[in-house]
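Q: Please find one structure pasted underneath; my questions will follow.
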There are 2 protein chains.
Amino acid sequence: MGQFSDKKGGLATQRHTGRRQVLSVIRDAGQIARIDIADKISGSPATVTAITAELLAEGLIEEHTPETPPSGSPRGRPRVALKIRGAAHMLAGIKVAAHAISVCFLDFEGQEAGQFEAEMPKPALSAPELVAFLDETLRKACEKIGVPLARLSGVGLGVAGIIDAPRGLVYWSPILTARNVPLRDLLAARLPMPVFIDNDANLVAKAEQLFGEGKGVRDFIVVTIEQGVGMGIVIDNRIYRGTRGCGAEFGHTKVQLDGALCRCGQRGCLEAYVADYALLREAGTLNLPDSPTAHARLDTLFQAAKDGDEAAGLIFHRASRMFALGLANIINIFDPALIILSGERMKFDYFYAQEVLDAVKSSVLQIDAPLPDIRIHKWGDLMWAKGAAAYAMEEVSDMSVQEMGKDVG
Amino acid sequence: MGQFSDKKGGLATQRHTGRRQVLSVIRDAGQIARIDIADKISGSPATVTAITAELLAEGLIEEHTPETPPSGSPRGRPRVALKIRGAAHMLAGIKVAAHAISVCFLDFEGQEAGQFEAEMPKPALSAPELVAFLDETLRKACEKIGVPLARLSGVGLGVAGIIDAPRGLVYWSPILTARNVPLRDLLAARLPMPVFIDNDANLVAKAEQLFGEGKGVRDFIVVTIEQGVGMGIVIDNRIYRGTRGCGAEFGHTKVQLDGALCRCGQRGCLEAYVADYALLREAGTLNLPDSPTAHARLDTLFQAAKDGDEAAGLIFHRASRMFALGLANIINIFDPALIILSGERMKFDYFYAQEVLDAVKSSVLQIDAPLPDIRIHKWGDLMWAKGAAAYAMEEVSDMSVQEMGKDVG
DNA sequence: AAATTTATTTTAAAGATCAAATTAAATCAA
DNA sequence: TTGATTTAATTTGATCTTTAAAATAAATTT
């Protein structure tokens, strides 16, 4: 029989791992023939036939026959491509930020199936308020997009703050007035499908891994700058979370002894130099035209710096040097193959201006081997929600793969 | 048959993983009965019987019958304990430092089988000189301890500096005059057994994992302070090495923008505040009695600080604050369960004085979950060599486990 | 000495994979 | 159009591995 028993956190059965591998290879490839799958997993065609037959029967994958037979095809029996069957599952991803909430629907293939956005009623809510609001928003989104709630196989939830993903716990979040909220279970109690929750930066990492620059990269790190500074660590294709589930707090890495005051109450955090509020705090002492929103004020400040305002320039200059320092530390510690600077705020090019990259490079240990690749990926707000949905997709995929022989009765 | 084929870096066979697990459980436990192994690996007693029979036949393990049958034993057939057979393999570990070289012999059970120390001929050697010296020293050690060289199944080598362990390459080391030396292969060419090489801090981590505070801990971090500052990262029971094999350069983490000059040529490295040379550099401006060796001068400085010398005290004070800052960063990034401060230099208690630990705690993100455990482990120079031998032991163990059915032909 | 208890081994059955043989589905060549 | 050729996928039979259940072993208890 399979390899050892499957109870508890025990070992996977033999077939189980095979199924997981095959599904993963198909997902990676988009579409791929059985014989190529066999090649990729170093298994025999016979095994692949057996496994894919199961997956086909369960509706997780499907054969993909192109309408127009490709001309100039080689002799021999043509390979028939297999692909994930999008209709197998529908997933929702929700990203909650201070002012807005966004929902994204993804089918099992990773195709976007709709999106929905709404305002937050107030910047910080109590736990019951937030749960009710999430529930309500998800139902509204389902209605608007035309997907019955019951159709969803899973919901991924991304929240800014300090999250223990495995336990579904929000230690602290700017959008919650309470601490230590078991948000996952609270929401799951109101919904008929499993709920998964994670730190928003980890979800960006997930999105990058599945749809973005991190595709096919085994170890990489994602850094985001928005309200705060976030980091997602991917090691060995999996998100690294630390023991308490709350590692990767790059933003609260100290870059200066007794430095600037951070909103976390400590001093010298990177965030206290580069996050929105840190820049605006310093801009307060400047004589800039007033703007209604923080976003607009930030734009004004950036424009002033670009136009040669020396004080404004100095604000960005210091921020970027601190950012470079923090980034160099990450490289020295992890030696990753790739660092992705992700998020909308990357439009402030001071963060990735050549001089910053140069500063990073000169602060990294010098050896005769290529430096890690640093890539910028600006993409919109939707990405966060998409990452949340992708997170749910992965979890549900894992669950599906394990459900074998269940319908034998 | 087993799970997929075994070619290249492909997947392990089914039995292969079983063997590896059983051996690992036995090693962890010291001695353990078959039925308990079955329990631990969530397998059946029958399987354990099969696997242990193989391992017994190959001489990798042995039954351990206590001379005195334990009184007050329960009814029923008594369980017979299995243990690693020490005589199965003999391993050597070598640690090369600036002034001394130490060799440690370990049997397959992890029992120390002898040690040997020698002076380095000069502080920095050329690659051929070092290889010849290592070869010579190992042979001398064998002679002294009475182990024929051919008896060794593997040699582990620990070198300070920047090492790419998988490739066996020394990018840079204070003991080598050249850069990018393929030291592993150079030494292996002169010896009849496999050679493994790693950064010395990783070897301390390995020693802690097998014999020290890291026993049974899945994720932990080891920090050492000696000539430089080193770090070993254990994630998921394995040493994390980064893509170029040279991650975990904690010592060159920047703790101050444009800070103190480091021997690596950059500014603001942690090492430039807390390593031996950094302290002595500052001590130079003090009026302290001269001492012949660096070691002695450091002792003098430390004593002066303890005796109330304000300037000396300030040197240590700053070093310890910087150290706390660096440590807090590690915790914020990794959220490890355990941090081990390891090495002889821990005798300077400023590094782990309560106030440093307090500073770390107050610089770490505050959430309602227990802080990582920080433990001090002072142990002698031999540990490094022991870690090197342990590294070789693990590698050889893995090789042994894979050699199955080889003697059937 | 028999009954009981627990550990280990043996046995027989069931999964899972793979090599080899077979079948399927195309192109190529006449 | 037909048969040869080629490549993909499936089927078959053998082998390996694990496991449940039965048998055996080795102790204690009665």
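Q: Might you report the magnitude of the Cβ-based charge dipole of chain A about its Cα centre, with Lys and Arg at +1 and Asp and Glu at -1, to the nearest 20 debye?
A: 900
Q: Using the alpha carbon gyration tensor of region A:14-84, what are the three equivalent-ellipsoid semi-axes (square root of 5 times each eigenvalue), largest first, in whole Å?
A: So the equivalent ellipsoid measures 22, 13, 10 Å along its semi-axes.
Q: What translational diffusion coefficient, to the nearest whole µm²/s, does chain B have by Stokes-Einstein, given a Kirkwood radius computed over alpha-carbon pairs, a temperature of 10 °C and 1.306 mPa s viscosity?
A: 69
Q: Where the centre of each part is set by its Cα atoms, how far does region A:290-317 sit from region B:335-404, in angstrom?
A: Taking the Cα centre of region B:335-404 as reference, the centre of region A:290-317 is 46 Å away.
Q: Tell me the relative contact order for region A:340-402 as a rounded percent, counting alpha carbon contacts under 8 Å between residues six or more apart.
A: 50 percent.
Q: Okay, moving on. Name the residue farthest towards the positive end of the dipole of the protein assembly as shown from the options B:L91, B:N332, A:P336, assuming +1 on Cβ of Lys and Arg, -1 on Cβ of Asp and Glu, about the Cα centre.
A: Farthest along the dipole direction, towards plus: B:L91.
Q: I would also like to ask the following. Would you kindly find the accessible area of B:K122, with a 1.4 Å probe and non-protein molecules such as ligands, DNA and RNA excluded, rounding to the nearest 10 Å²?
A: Its heavy atoms expose roughly 90 Å² to the probe.
Q: Please say if region A:129-184 is rounded, prolate or oblate, where rounded means a/c under 1.5 for a ≥ b ≥ c the square roots of the C-alpha gyration tensor eigenvalues, and otherwise the choice is prolate for a/b larger than b/c and oblate otherwise?
A: Since a/c reaches 1.5 and a/b is larger than b/c, the shape of region A:129-184 is classed as prolate.
Q: Run the numbers on chain B and let me know its relative contact order in percent, using alpha-carbon pairs under 8 Å that are six or more apart.
A: Result for chain B is 15 percent.
Q: Check B:H377: other-chain or 5+ apart residues with amide H under 5 Å from its amide H, H built from backbone geometry?
A: B:L341, B:S342, B:G343
Q: Same structure, new question: Just the number, please: percent antiparallel of the DSSP beta bridges in the protein assembly as shown, rounded to the nearest 5.
A: Counting only bridges with both partners in the protein assembly as shown, antiparallel ones make up about 60 percent.
Q: Could you identify which residue out of A:L125, A:L280, A:L314 has the top mean-square fluctuation in a GNM of chain A using Cα springs shorter than 10 Å?
A: In this elastic network of chain A, the residue with the biggest mean-square fluctuation among A:L125, A:L280, A:L314 is A:L314.
Q: Students often forget the sequence filter, so: which lysines lie under 18 Å Cα-Cα from B:K144 once same-chain residues fewer than 8 apart are removed?
A: B:K95, B:K386
Q: Another one. Quick one: check the C-alpha center-to-center distance for region B:175-205 versus region A:214-252, whole angstrom.
A: Comparing the Cα centres of region B:175-205 and region A:214-252, I get a distance of 32 Å.
Q: Assuming R0 = 22 Å, what is the FRET efficiency of B:D135 and B:E112, from their Cβ-Cβ distance, to the nearest 0.05?
A: Once the sixth-power term is evaluated, E becomes 0.45.
Q: On a full-extension model of 0.36 nm per residue, what is the gain between A:L286 and A:D368, subtracting their alpha-carbon distance, rounded to one decimal in nm?
A: 25.0 nm
Q: In chain A, if the dipole is taken from +1 on Lys/Arg beta carbons and -1 on Asp/Glu beta carbons about the Cα centre, which of A:A124, A:S320, A:H64 is farthest to the positive end?
A: Result: A:H64, furthest along the dipole toward the positive end.
Q: Express in Å², to the nearest 10, the accessible area of B:T65 obtained by rolling a 1.4 Å probe over the protein heavy atoms while all chains stay in place.
A: Looks like 110 Å² after rounding.
Q: Over the Cα atoms of region B:293-353, compute the convex hull volume and normalise it per residue, giving Å³.
A: 86
Q: At q = 0.12 Å⁻¹, what log₁₀ I(q)/I(0) does a Debye calculation on the Cα points of region A:98-212 give, no solvent, two decimals?
A: Normalising to I(0) and taking log10 leaves -0.41.
Q: Quick one: putting +1 on the C-beta of Lys and Arg, -1 on the C-beta of Asp and Glu, what dipole do you get for the protein assembly as shown around its Cα centre, in Debye to the nearest 20?
A: 1460
Q: DSSP beta bridges in chain B, what fraction antiparallel, as a percent rounded to 5?
A: 60
Q: Here is a follow-up. If you put +1 on each Lys and Arg Cβ and -1 on each Asp and Glu Cβ, how big is the dipole of region A:156-226 around its Cα centre, in Debye rounded to 20?
A: Its charge dipole is roughly 240 debye.
Q: How large is the convex hull of the Cα atoms of the protein assembly as shown per residue, expressed in Å³ as a whole number?
A: Measuring per residue, one finds 226 Å³ for the Cα hull of the protein assembly as shown.
Q: Taking a quarter of the surface of the convex hull around the Cα atoms of region B:173-330, what do you get in nm²?
A: If I average the Cα hull's projected area over directions, I get 12.2 nm².
Q: In region B:75-143, which trypsin sites (Lys or Arg not before Pro) fall in coil by DSSP and have 15 or fewer other Cβ atoms within 10 Å?
A: B:R75, B:R79
Q: Please report, for the Cα atoms of region A:263-409, the Rg to one decimal and the Dmax as a whole number; what are they, in angstrom?
A: Spelled out, the Cα radius of gyration and Dmax of region A:263-409 are 20.5, 75 Å.
Q: If you don't mind, there's one more thing I want to ask. Can you name the helices of chain B, as whole DSSP H runs, whose Cα span along the helix axis is 15 Å or more and whose Kyte-Doolittle mean is not below 1.0?
A: B:45-57
Q: Return the long-range amide H neighbours of B:I61 (sequence gap of 5 or more, or a different chain), with a cut-off of under 5 Å between placed amide H atoms.
A: The answer is B:L56, B:R85.
Q: Add -39500 (n - 2.57) for each DSSP H run of 4 or more in chain A, then divide by its residues: what number comes out at 222 nm, to the nearest 500 deg cm²/dmol?
A: That calculation yields -12000 deg cm²/dmol at 222 nm.
Q: Right, here's the next one. In chain B, if the dipole is taken from +1 on Lys/Arg beta carbons and -1 on Asp/Glu beta carbons about the Cα centre, which of B:V234, B:I376, B:P192 is farthest to the positive end?
A: Selected residue: B:P192.
Q: Taking a 29 Å limit on the Cα-Cα distance, which of the listed pairs B:K254/B:K361; A:K40/B:K215; B:K83/B:K215; A:K254/A:K347 fall beyond it?
A: A:K40/B:K215
The values are calculated or read from the model by the stated rules, or taken from the named source; none is laboratory data. All values reported here derive from a predicted model rather than from experimental measurement. Positions of Cβ are generated from backbone atoms using ideal geometry, with glycine treated the same way; all protein chains shown enter the neighbour counts. Only protein heavy atoms, including side chains, enter the accessible area calculation; ligands, DNA and RNA are left aside. Shrake-Rupley method; radii C 1.70, N 1.55, O 1.52, S 1.80 Å.
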